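A short write-up of the structure that comes next.
The values are calculated or read from the model by the stated rules, or taken from the named source; none is laboratory data. Just so we're clear, the structure is a prediction, and the values are computed from it rather than from any experiment. Please note: Cβ atoms are built from the backbone with ideal geometry, for glycine as well, and neighbour counts cover all protein chains shown.
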Amino acid sequence: MRCTIKTLYLIRHAKSSWKDIDASDFERGLTKKGKKSIETIGSYLKLRGVCPDIILSSCALRAQETADCLAKKLEFDGKINYMQELYFTDTETLKQIVMLQENDADTIFVIGHNPQITDMANSLIDEHISKIPTMGVVATNFDIEQWSDLGNVKGTMDFFISPKQFQYYIPNQIRAILNKEV
């Protein structure tokens with residue numbers, strides 16, 4: 001059987017605001033810091049040549065805004081699938097959602113919430129991640145031909161990044177990109 005590499009990006013939504021005391025958890029939007037972190041991570045992903053074939057996002061406002069901003073940054077021209085099922089679901093349901101995706105898609109972004117995003121990452125790789133921070137991204141490669149095989153294999157973590165890492169360890173090339181866009 002010929003295998004291909006499929007890559008799953010598990011992304012926690014960017015930092016959200018608690019200022020509006022009347023807003024429900026579902027209605028919380030992003031802060032300025034959250035939007036800036038999307039720019040930072042988006043620039044990093046763009047520099048790596050990453051662009052998803054499919055974006056699946058929780059339909060909570062903060063996840064939708066994260067998906068929209070990241071899609072724009074990466075010049076994604078597909079449809080973002082906003083899903084109620086991604087708003088505080090369990091790992092098995094999250095895995096099943098990914099396993100049902102089209103096989104011609106080699107790269108999938110899932111934008112959601114903790115603890116589900118961290119739990120999902122830990123179920124798919126041998127490494128342990130204690131907590132994916134806001135706008136953290138875990139990229140995992142799978143040597144599979146079909147997404148439905150995701151439940152039968154462990155992936156290999158390609159990278160785990162978060163906005164905080166760019167405070168101190170930022171390659172000159174990314175710094176140049178970020179400076180041009182400011």
Test: residue in region 22-38 that is of a type outside the set (S, T, N, Q), more than 21 Å from Pro133 (Cβ to Cβ), in contact with an Asp or Glu (Cβ under 9 Å, 6 or more places away or on another chain) and modelled with pLDDT of 90 or more: no
Within region 35-53, residues part of a helix (DSSP H, G or I) and under 13 Å from Tyr9 (Cα atoms) come out as Ile41, Gly42, Leu45
Members of region 117-153 that are of a type in the set (A, V, I, L, M), touching a Ser or Thr at 6+ places or on another chain (Cβ under 9 Å) and assigned to a loop (DSSP other than H, G, I, E, B): Ile125, Ile129, Ile132, Met135, Ile144
